[in-house]
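Below: one structure, written as structure tokens.
Rule-based calculations on the coordinates, nothing more; no lab input. These numbers were taken from a predicted model, which means no experiment stands behind them. Virtual Cβ from ideal backbone geometry, glycine too; neighbours counted across all protein chains shown.
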Amino acid sequence: MNIKILLSGDGGQGIQLIANMICQAAFGSDFHVTSIPNYGLEQRGGVSLNFIQISDKKIVYPKFTKPDILLIMSPQAKERVVEYEKNGKLKLEIGEYEQILKENNVPRQSQNIFCLGLIAKILEEREILKKENVFELLEKKLVTKSGWEENAKSFELGTL
Amino acid sequence: MEKVNKQFLTGHEVVVQACVDAEATHMFGYPITPGTEILSGWIKKCQEDKKLHFLQTEDEIAAGFTVCGALMAGSKAFTATAGPGTVLMQDAMGMADGMRLPFVTIIAQRGGPSSGTVIYSQQEVNLAIHGGNGEGLRLVFSPSTVEELYRLTRKAFNDAWTYRFPTVVLTDGYLLKTKQDVTLDFAGENVEPKPLVSEHTQKNIRNIYTFEQELMDELENQKKDFDEMAKTVTEFESYKVESCEELIIAHGIVGAAARDAVDELQAQGKSVGLFRPITLSPFPKDELNKLVKGVNKIMIVESSMGQLRDLVKQSLEVENKIKIEGLYKPAVGIEVEEIVELFK
């Protein structure tokens with residue numbers, strides 16, 4: 001078993017944070033995990049990527065071109081990952097959830113957490129991790145920060 | 001062998017851990033992406049352990065010469081740098097070449113020329129091996145995985161202090177930023193540092209000579225010592241090379257991609273193996289020459305315009321008889337699929 005996940009978004013959208021949560025949870029479930037971030041000089045505004053692999057065998061090379069799951073969180077990111085999109089199996093595009101996000105008043109800064117919920121659900125179905133474990137890690141990281149309630153709700157919404 | 005529980009660490013974190021476990025005590029450096037987290041990670045260790053020290057100098061030139069001074073005083077000192085910083089570091093590394101100082105540098109390769117990119121390359125091979133003026137001799141390791149990065153960083157200190165040649169751990173932004181589950185092997189002795197000069201007796205470690213002949217004699221001695229050391233320290237990986245017809249040669253993280261590619265190619269029934277030099281200097285010449293005897297094509301794969309290819313060509317005794325092809329992608333990563341594609 002080897003699952004490859006490519007997360008993409010704008011710098012500042014929280015791609016690296018959700019990558020870290022997914023990896024920590026998978027690592028906690030005793031899988032081999034690699035994660036490699038990719039971003040440019042910009043602190044904000046550039047495209048931010050993270051290549052994740054989760055496997056029951058030792059991983060030799062951390063990068064890949066054919067993601068099993070591809071998350072696209074912005075139009076700019078979509079342009080950047082166009083080559084990966086061709087090869088991608090399951091695509092999660094934030095634009096397709098616009099209605100749900102609007103109806104549930106998910107603030108912009110919690111959209112990454114909503115996406116984390118989406119991915120946690122998929123990975124639970126594939127018996128990689130438990131979404132409760134991802135939530136616990138998230139809580140530990142963000143509970144004292146502002147907007148925790150919205151983040152908790154957004155995660156929940158993503159996992160439905 | 002004592003193994004510890006699995007940890008989930010970045011390349012930067014394992015480098016810092018390796019320096020601590022090697023019982024290094026002083027880091028002097030100037031921050032530069034993608035090597036900055038080695039300095040900041042070391043600073044954190046200094047806050048936890050008062051025996052550890054750091055100084056962020058005004059630039060890489062100062063950092064390098066401060067390392068030289070600390071080494072002469074008997075401290076296990078080191079630095080880490082990248083890209084244009086590796087260029088500035090050459091002045092001090094050159095002094096370390098001339099004086100045979102156990103100067104350990106971790107180089108985080110990034111794209112060039114000049115500031116290039118902050119991300120990744122394999123373009124600092126020549127600089128790591130031949131960056132100084134004169135013909136200084138250096139030990140250069142190229143790790144391909146996070147676990148190997150730990151092992152070789154730790155070994156760099158031991159080899160530097162045992163053989164007294166400047167030693168480089170030549171890594172890159174991808175490997176350093178990769179976060180991975182690792183099982184680190186903490187076992188093994190550390191070589192004790194000792195002062196190279198003494199306060200009480202006069203000893204002159206020289207980097208300048210009055211007579212040409214004196215310098216040449218010294219360089220010839222250095223070469224003799226280096227060749228002697230090569231018998232012990234030269235390292236390489238041969239992967240699935242038994243009676244292979246075609247041979248991939250790659251180093252560093254590209255070597256990891258090539259390893260996966262070899263698995264896939266052999267699964268397709270193709271007769272392709274991998275030769276991965278772990279020491280780029282001294283280069284595993286003898287092993288390479290033995291291996292290529294039965295091979296009809298070499299495929300070089302690297303994230304530069306041919307710096308590894310040149311090392312291979314210099315090393316081959318049968319260069320004219322063997323076909324050499326290559327995939328040269330300066331300053332970008334090379335994927336497993338691209339390597340597989342080369343053998344279609």
>> Can you work out the Karplus-derived ³J(HN,Hα) for every residue in the stretch B:217-234? Use 6.51 cos²θ - 1.76 cosθ + 1.60 with θ = phi - 60°, whole Hz, and x for glycine or proline.
In response: 4, 4, 5, 5, 5, 4, 5, 4, 4, 5, 5, 5, 4, 4, 4, 9, 8, 4
>> Please compute, for the alpha-carbon atoms of chain B, the extent along each of the three principal axes and give them in descending order in Å.
In response: 67, 51, 43
> chain A: D in µm²/s via Stokes-Einstein (Kirkwood Rh, Cα pairs, 20 °C, 1.002 mPa s)?
Replying inline: 137
>> Testing the spin-label approximation: label points 7 Å from Cα along Cα→Cβ at B:Asn289 and B:Lys224. State their distance in nm.
In response: 2.2
> Among A:Lys63, B:Lys297, which comes first, then next, by fewest other beta-carbon atoms within 10 Å?
Replying inline: B:Lys297, A:Lys63
> Fully extended, how many nm does the chain gain between B:Lys51 and B:Val332 (0.36 nm per residue separation, minus their Cα-Cα distance)?
Replying inline: 97.2 nm
> So if R0 is 45 Å, what FRET efficiency would B:Gln202 and B:Gln314 give, r being the distance between their Cβ atoms, rounded to the nearest 0.05?
Replying inline: 0.65
> Lys/Arg Cβ at +1, Asp/Glu Cβ at -1, dipole of the stretch B:7-233 taken about the Cα centre: which of B:Leu101, B:Ala82, B:Cys46 is farthest positive-ward?
Replying inline: B:Cys46
> For the protein assembly as shown, with only Lys/Arg (+1) and Asp/Glu (-1) charged at the beta-carbon, what is the dipole magnitude about the Cα centre, in debye rounded to 20?
Replying inline: 460
>> Please compute the Kirkwood hydrodynamic radius of the stretch B:193-315 from all pairs of different C-alpha atoms, in Å with one decimal.
In response: 17.2
> Looking at B:Ile324, B:Ser281, B:Cys19, which one has the Cα that reaches farthest to the positive end of the dipole of chain B (charges on Cβ: Lys, Arg +1; Asp, Glu -1)?
Replying inline: B:Cys19
> For the protein assembly as shown, what is the mean residue ellipticity at 222 nm derived from helices alone (per DSSP H run of n ≥ 4: -39500 (n - 2.57); sum divided by total residues; nearest 500 deg cm²/dmol)?
Replying inline: -13000 deg cm²/dmol
> Of all the C-alpha pairs in the protein assembly as shown, what % are more than 42 Å from each other?
Replying inline: 22
>> Just want to confirm a number: the relative contact order over chain A, from Cα pairs under 8 angstrom separated by 6+ residues, in percent.
In response: 24
> If amide H atoms are built 1.01 Å from N in the plane of the peptide, which residues on other chains or at least 5 residues away come under 5 Å of the amide H of A:Phe31?
Replying inline: none
> Taking the Cα atoms only, what angle lies between the long axis of helix B:252-267 and the longest principal axis of chain B, rounded to 10 degrees?
Replying inline: 20
> Given a Förster radius of 41 Å and the C-beta distance between A:Lys86 and B:Glu325 as r, what FRET efficiency does 1/(1 + (r/R0)^6) yield to the nearest 0.05?
Replying inline: 0.95
>> As an exercise, use a Förster radius of 25 Å and the Cβ-Cβ distance of B:Thr232 and B:Asn126 to find the FRET efficiency, rounded to the nearest 0.05.
In response: 0.55
>> For B:Leu71, B:Leu196, which order do you get if you count the other beta carbons within 10 Å of each Cβ and list the fewest first?
In response: B:Leu196, B:Leu71
> In debye, nearest 20: dipole of the stretch B:7-233 around its Cα centre with unit charges on the Cβ of K, R (+) and D, E (-)?
Replying inline: 380
>> Run the simple label-point estimate for B:Asn133 and B:Leu342 please: 7 Å along Cα→C-beta, distance reported in nm.
In response: 3.8
> Tilt of helix B:11-21 relative to the longest C-alpha principal axis of chain B, in degrees (0 to 90, nearest 10)?
Replying inline: 50
> On alpha-carbon atoms, Rg over Rh for the stretch B:139-221 using Kirkwood Rh?
Replying inline: 1.13
> In whole Å, what are the Cα extents of the stretch B:87-162 along the three principal axes, biggest one first?
Replying inline: 34, 32, 14
> Quick one: Cα centre-to-centre distance for the stretch A:65-130 and the stretch B:26-94, in angstrom?
Replying inline: 41
